[in-house]
Amino acid sequence: GLPAAFPALPLELTVLYNSLLFTMGASDSIIEGEAEEIRQGLLRVLEACGACGQDLSTEELWQKVLQEVTAGELQAPLHWLGALQAAWWLAARRLGSTAGLFQLLSNTEDTGRAHCSEGENELLSLLRAWQVPAEGASLPLVQSAKDLKEILCTAAAFLQGLQELEAGNFRTALSLLQEAAGGFCSKRVLAQIYTCLGCCAQRMGKPQTALQHLKRALQVDFQCLPALSHVAAVYHELGQTQAELQALALLYEALEKNPPAAASSSPYFLIQTELLVRTPLLASILRHRHPSEVKYLLAQRCLQDGRVADAVEHYLDFLALLQEGLEQQVPLDSGSALPRIPEVFLEAASALEQAERHQDAITMCEEVISRTTDLIPRVLRVEEKLEQPECPSPGAGLAGGLLSQKESLCCLTWRAAGYLHQGWAWAALGESKEAVTQFSRGNVWRMLSPGACVFSVTENLLPEVEVLQKIRMLSLVGRGTQFLELGRHKEALLDFQHSLQISPGDPAAASYLVQALWKLNRKQEAAAHWQKFSQSAREEEGQQEGQGRPFPLHLASCLKRAMFPHSDSLARSIQDYLGTATGDPSS
C-alpha cells in the first residue's frame, strides 16, 4: 500500500521476480491467464516515474515502461521480469507477444532481423540476441536469468516444432525439434523431444530414422514408455511382426510394474521446460497406454499373424482385465483405440475356434448373443438423415437402455456374428444338425419381424450394412455345406443360390453351387456354371483385392472356413465330363 519509491524499485522488482518463481515452480500446473503480479509491478514503475498505464494491455504496458525508464539501476530487474513474462506467454503459446517483448528488451525493432539470417527462426534469434544483465551480489536471484534464458530457448524451439508438426510442415518441425534437443532441459524432456522427432520422421515416411530417434529417447530415459509404444507402431508399419510383438511385450511388462516418474538429472529449477511446453499434440504423442490396451494389441496382432495359441492366451488375459473394470483401466476420454467389447469377445471366439477349442468358442459367442438379445428391436427403421452418434466408449455395447438405431444395427451385427461362429464351431465338432440351427439363426433378417427392417442406406451406415450382408452370405454358405454333409442337396443348392444373390460372383458360393448341382446329377448345369464362374474369375484376375471396406477381424476365420476345399478335384471332374460330352477325351 506504500507509494512507489524510485530508490526501492530494484529491490521491489527483484523480490517480485523471486516470489513469482516460487509460485510458478511450486504449482506444477500449466500457467493460465495474465501475470497480474507482473502487471502491478510495471504499474508501480510507471507510478514512480509519474506516468499512468491502467488502460493499457500488457504488451502496451511493457512498451511504455521500457520507453519511459532510462535509469540504469532498473534495467536489470526489468529484464529479469521480462524473462518471467516471456515464460508466462510461452506457456500460453503467445509466441508473437514473446517475440515483440524481446525486441523491446533488445532496445531496437531491427534486432530480430539483424540477427536472423535467411531461413532462421525469428523468435529463437531474438532470444539468443538478448543480452542477460549481470546479477549483483546485493540482489540474489533464486533462479538466474541466464539459466531462464536457456530454458526459454529450448521451450520456444520445442513449442514451434510441435506447431509445425501439427501443421504438417515436417521439415521445419524436424529442424526446430533438433534445435530443442540440443538445448537446456532434463533427461525426461529430452526423451520427449526425441519421441516427437521419431513421430515427425515417421510422418515423413522415414521409418528407419523414426526408429533411431525413438531408440535414442529410450536410451536417454528408459521410462519414456510412449516412445516404446511408437516403436511398436513403426514396426507394425514396416510389417516386422516379431519386432512389434517384442516391443508390445516389453511395454506391457513395464506398465505392469507401474514405475515411478523419471527423476530429472539436471539441477533443480523452479521453472523448467516441461512447465512451459504443454500442448494437446504433445499430450497425444506422449499418451501412456494402459495395460489392457497393450494386452489387446498383443492379442490382435497375434491373431492377425496366425499365432493362434498366443492370441488365445492374450485374449483371455484381456478378458480377465475386463472383469477388474475397464473404466478403471482406461479412462473414457483417453482416446483409446480399443474396439467395442462385443467385438473383442467375437475375436476371442475366432482365436479359440482356430485353436480347435470349439466348445470354448461356442461359450464365448453365447455371452455376446445373450447380452444383445434384448437390445435388438422388433422394428429397425434406418432413416435417411440418421445422425452420426458420438463415438461410444470401449466399454459400451452390452449395457441396457434405449439405443440409437445405429447402435441397434451394431447389436444385430454382433448377434448374427455370434451365431455364425457357433455354426462353424458345431460343424468342426461334427454336429451338422446343430450347425444348421446356428447358421439359420445367423440369418439376420430372421431376427426381426417380417418386413420390420427398412434400410435407406447412408454413408455412415454402409459399414454395418455391408458386414451384415457378408454375415448373411457366410451363414447361407455355412448352412449349405452342412446340408451337403447331411445329404440334403436340394436345400444346399437353394442356400448357395441365395448366397450368390447377396454376393454375386463370390468364389466360395459359386464353387459350392457347382458341387451341389454335380451331386444332384445336374452335371450339364454344373459344367455351365463352372465355365461361367471360371471366365469371370479370369477376367477379374489381376485386379486389386481389398478395395472395399475391410471386414472385422473376427470374420477372417469365417471367410477362411467358407472357402471351397475341393476346387482341383471338382475342376478335373467337370473337365472330364466336358471332354466326354464333346467326344474329345483330350479336351
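Where a number appears in this text, it was derived from the coordinates with a stated rule and is not lab data. Here the structure is a predicted model, which means the values were calculated and not measured.
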**Item:** Gain in span if fully extended, residue 497 to residue 8, counting 0.36 nm per residue against the direct Cα distance
**Value:** 166.4 nm
**Request:** Return the lysines within reach of residue 149: Cα separation strictly under 30 angstrom, same-chain partners fewer than 8 residues apart disregarded; answer none if there are no such residues.
**Result:** 64, 187, 215
**³J(HN,Hα) computed for each position of the stretch 493-510 - Karplus, 6.51 cos²θ - 1.76 cosθ + 1.60, integer Hz, glycine/proline x** = 4, 4, 5, 5, 5, 5, 5, 6, 5, 6, 10, x, x, 4, x, 5, 4, 5
**Prompt:** Given 0.36 nm per residue, what is the gain on full extension from residue 122 to residue 373 after removing their alpha carbon distance, in nm?
**Reply:** 84.0 nm
**Request:** Step through the table entries 433/490; 406/470; 470/519, compare each Cα-Cα distance with 20 Å, and write down the pairs that go over it.
**Result:** 470/519
**Request:** Pop out the ³J(HN,Hα) list for the stretch 477-491 in order, Karplus 6.51 cos²θ - 1.76 cosθ + 1.60 with θ = phi - 60°, rounded to Hz; leave Gly and Pro as x.
**Result:** 5, x, 5, x, 4, 6, 4, 4, 4, 8, x, 9, 5, 5, 5
**Request:** At a Cα cut-off below 16 Å, give the lysines reachable from residue 257, other chains included and same-chain residues fewer than 8 away excluded.
**Result:** 295
**Asked** In terms of the ratio Rg/(2.2 N^0.38 Å) built on C-alpha atoms, what value belongs to the stretch 159-304?
**Response** 1.04
**Fill in**
In order over the stretch 556-564: 3J(HN,Hα) from phi, Karplus 6.51/-1.76/1.60, θ = phi - 60°, whole Hz, x for each Gly or Pro, gives 4, 5, 5, 4, 5, 5, 7, 5, 6
